[in-house]
Each structure stands twice: as structure tokens, then as C-alpha cells.
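Below: one structure, written as C-alpha cells.
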Amino acid sequence: MEYKATDMLNRGLELIQQKQQERGLKLLKSVPETFPQSKTRFRAYMAMGDFYYSKREYDLALKQYTQCEDSEEEELQAEGLYRVGICRYQANNFDQAFVALRKVTTDYPWSVFANEAYYYIGLCHFKLQRWARAAEALKLVGTSVEPNQD
């Protein structure tokens, strides 16, 4: 089952790269429908979110990224939550962006997405003209460390 789901995901991504976006997106959408118990479905949600994000359709991307909350992989959960924050930032919904991005920094402080979340937290404060808070958040970029390192 995982092999077939992964193959379908890869074919969908390949079609999108070949500028057959409608067919590729349809194939990506069919991964979670056809294989609802597959772990690969979360990667399909992420790929669909990335597609919509690239088209600046942030609401549609947001719906896809939020599906990754149910993944068993913490790295995928962190990335999905981070991308939720980015979509909300791009939509100028800074208060909701703070919620998602701060959740990344508290729940997944070891991930690379925590570093990126601090950056966007700083940008949100900057857009709201909160200069001191922006500087504080930007100072924290690069401070997250993997759990098995000092």
C-alpha cells in the first residue's frame, strides 16, 4: 500500500514539474482518497499545500498544511505547522501567524522549522511596528539545536 501511494505521489509531482498541473494536482488529491491509512497521504497534503502556496492561494494551502497535524512524524507535524504560520503571515493575519509559529517553537524547538519560525515571528512584529519584539525574535534565529546535541 505504501509503495503504491508513494508511486502515485511521485507521478503527481512529476506531472506538476512537467507543467501538467491540473493532472498532477488531481493525482495528488487522489492519494489520501485512495489510501486513507497511508503515511504517504501527509506528504501528498504537503505537496498540495506547496502547489497552492506557489499560486498564492493561501487559504487552500492552509487547508492542506493543517492535515499534517495528524501525522506520526514529528518533523512533518513541525513543517505543516510552520507552513500554516507562513500562510497566515502572507495573508497579513499576523495574530494567527503568531499562534502557529510560537507553537512550532514550543512544541518542536529542536527542528529547523523552529529557527525559521523565529524569523517569521520577527517579521510579524516588524510589520506591526513592534521594533523591540522584532529584534528579540530575530536574535533567536539559529538557536534551536537537535535533541541529541549539546
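As an exercise, use a Förster radius of 25 Å and the Cβ-Cβ distance of Glu22 and Tyr119 to find the FRET efficiency, rounded to the nearest 0.05. Intermediate results must be reported in sequence, preceding the final value.
Details: r = 34 Å, r/R0 = 1.35.
Step by step, r from the Cβ atoms, then E = 0.15.
Given +1 on the Cβ of Lys and Arg, -1 on the Cβ of Asp and Glu, and no further charges, what dipole in debye does the chain carry about its Cα centre, rounded to the nearest 20?
For this selection, approximately 700 debye.
Send over a whole-number figure in Å² for the accessible area per residue of the chain, probe 1.4 Å.
60
Could you check how much of the accessible area of the chain is carbon and sulfur, as a whole percent, using a 1.4 Å probe? Don't skip to the answer; put the middle values down first.
Values: 4180 of 9020 Å².
So the carbon and sulfur contribution to the accessible surface is 46 percent.
Scan the chain and hand back the longest stretch that contains none of the GluC sites (Glu not before Pro) lying in DSSP loops with at most 15 other Cβ atoms within 10 Å.
74-150
Can you give me the angle between helix 112-127 and the longest principal axis of the chain, using Cα atoms only, in degrees from 0 to 90, rounded to the nearest 10?
60
Which of the trypsin sites (Lys or Arg not before Pro) across region 40-80 are loop residues per DSSP, with 12 or fewer other Cβ within 10 Å?
Lys55, Arg56
Farthest toward the dipole's positive end in region 4-131, which of Phe113, Ala44, Gly12, given Cβ charges of +1 (Lys, Arg) and -1 (Asp, Glu) about the Cα centre?
Gly12
Once you have the Kirkwood Rh of region 1-107 from its Cα pairs, apply Stokes-Einstein at 4 °C and 1.567 mPa s and quote D in µm²/s.
Reported coefficient: 93 µm²/s.
Using a Cα-Cα cut-off of under 24 Å, which lysines could be cross-linked to Lys26, ignoring same-chain neighbours fewer than 8 residues away?
Excluding near neighbours in sequence, the set is Lys4, Lys39, Lys55, Lys63.
Roughly what angle does helix 74-90 make with the longest principal axis of the chain, taking Cα atoms, 0 to 90 degrees, to the nearest 10?
Value to nearest ten degrees: 70.
The values are calculated or read from the model by the stated rules, or taken from the named source; none is laboratory data. Remember, it's a predicted structure, so these values are computed and weren't measured experimentally. Cβ coordinates were reconstructed from backbone atoms using ideal geometry, including for glycine residues, and neighbour counts include every protein chain displayed. Please note that ligands, DNA and RNA were not included when accessible areas were found on the heavy atoms of the full protein model with its side chains. Shrake-Rupley method; radii C 1.70, N 1.55, O 1.52, S 1.80 Å.
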